[in-house]
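Following: one structure in structure tokens, then a few remarks.
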Ligand code: 3YE
């Protein structure tokens with residue numbers, strides 16, 4: 001099985017979806033979560049990992065003088081666990097070029113919008129303000145430029161009249177929980193890879 005590291009910053013509902021998927025014998029997953037790393041202590045996502053018997057580590061970005069030094073510590077922890085695939089799951093840090101380069105093609109993120117629309121940390125606010133009737137979620141390869149990497153999977157989600165950011169966020173999350181395990185499986189099974197010469201996804205279905 002491919003060893004996966006998951007990076008989190010909070011409640012870890014996407015982590016839970018990845019745990020449930022990879023631990024379900026009926027799914028026959030080719031991925032196994034080897035470690036969960038959080039940049040914040042005490043978050044619910046760490047408890048989710050512990051309940052599933054998955055090793056955890058807290059690496060607080062506040063303990064490091066620079067972004068690069070924090071990222072290097074995370075990189076070392078992942079390499080020590082022989083992690084082959086890294087999933088960002090509600091991890092709220094921009095990763096430095098050296099980290100992205102180290103894991104390029106093996107590093108994926110879920111973003112709560114239909115990229116390339118509504119990049120950044122307030123995607124639902126942007127979607128509501130734009131008045132779109134559909135938003136969604138995207139699992140993509142991580143590149144140095146945030147939310148710009150090649151797309152692996154997307155799900156479209158309706159925006160209902162009167163939606164608040166919170167209500168829309170909850171609806172989109174249920175789709176993220178479907179899309180993220182599917183994307184991880186595509187990568188773990190080498191059904192998709194990143195062509196690092198041009199940054200495009202290559203499909204072998
Ligand atoms: N890093 C790169 N490329 C990507 N990180 C994420 C995706 C992604 C990535 O595609 N290179 C919000 C970041 C946006 C932000 O400005 N964060 C602050 C810290 C805020 C905090 O600690 O609460 C920062 O300085 O990084 C994952 C999603 C990033 C979300």
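Computed quantities for the displayed model
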quantity: For segment 1-118: relative contact order, % (alpha-carbon pairs under 8 angstrom, 6 or more apart); calculated: 31 percent
quantity: Gyration tensor (alpha-carbon) shape descriptor, segment 29-82, a/c threshold 1.5; calculated: oblate
quantity: Inter-label distance, nm, simple model (7 Å from Cα along the C-beta direction), residue 129/residue 68; calculated: 3.4 nm
quantity: Angle in degrees between helix 13-23 and the longest Cα principal axis of the chain, rounded to the nearest 10; calculated: 60 degrees
quantity: Degrees between helix 67-80 axis and first principal axis of the chain (Cα, 0 to 90, nearest 10); calculated: 60 degrees
quantity: Protection-proxy order for peptides 168-179, 120-131, each taking the mean of Cβ atoms within 10 Å per residue, highest first; calculated: 168-179, 120-131
quantity: Helix axis angle, 165-188 relative to the chain longest principal axis, alpha carbon, degrees; calculated: 50 degrees
quantity: 71, 163 arranged by Cβ crowding within 10 Å, fewest neighbours leading; calculated: 163, 71
quantity: DSSP beta bridge pairing in the chain, given as percent antiparallel to the nearest 5; calculated: 45 percent
quantity: Relative contact order for the chain, counting Cα pairs under 8 Å that sit 6 or more residues apart, in percent; calculated: 19 percent
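No lab work stands behind these numbers, since they all come straight from the coordinates. Nothing here was measured: the structure is a model prediction, and the numbers come from that model. Don't worry about glycine lacking a Cβ; one is built from the backbone with ideal geometry, like all the others, and counts go over all protein chains shown.
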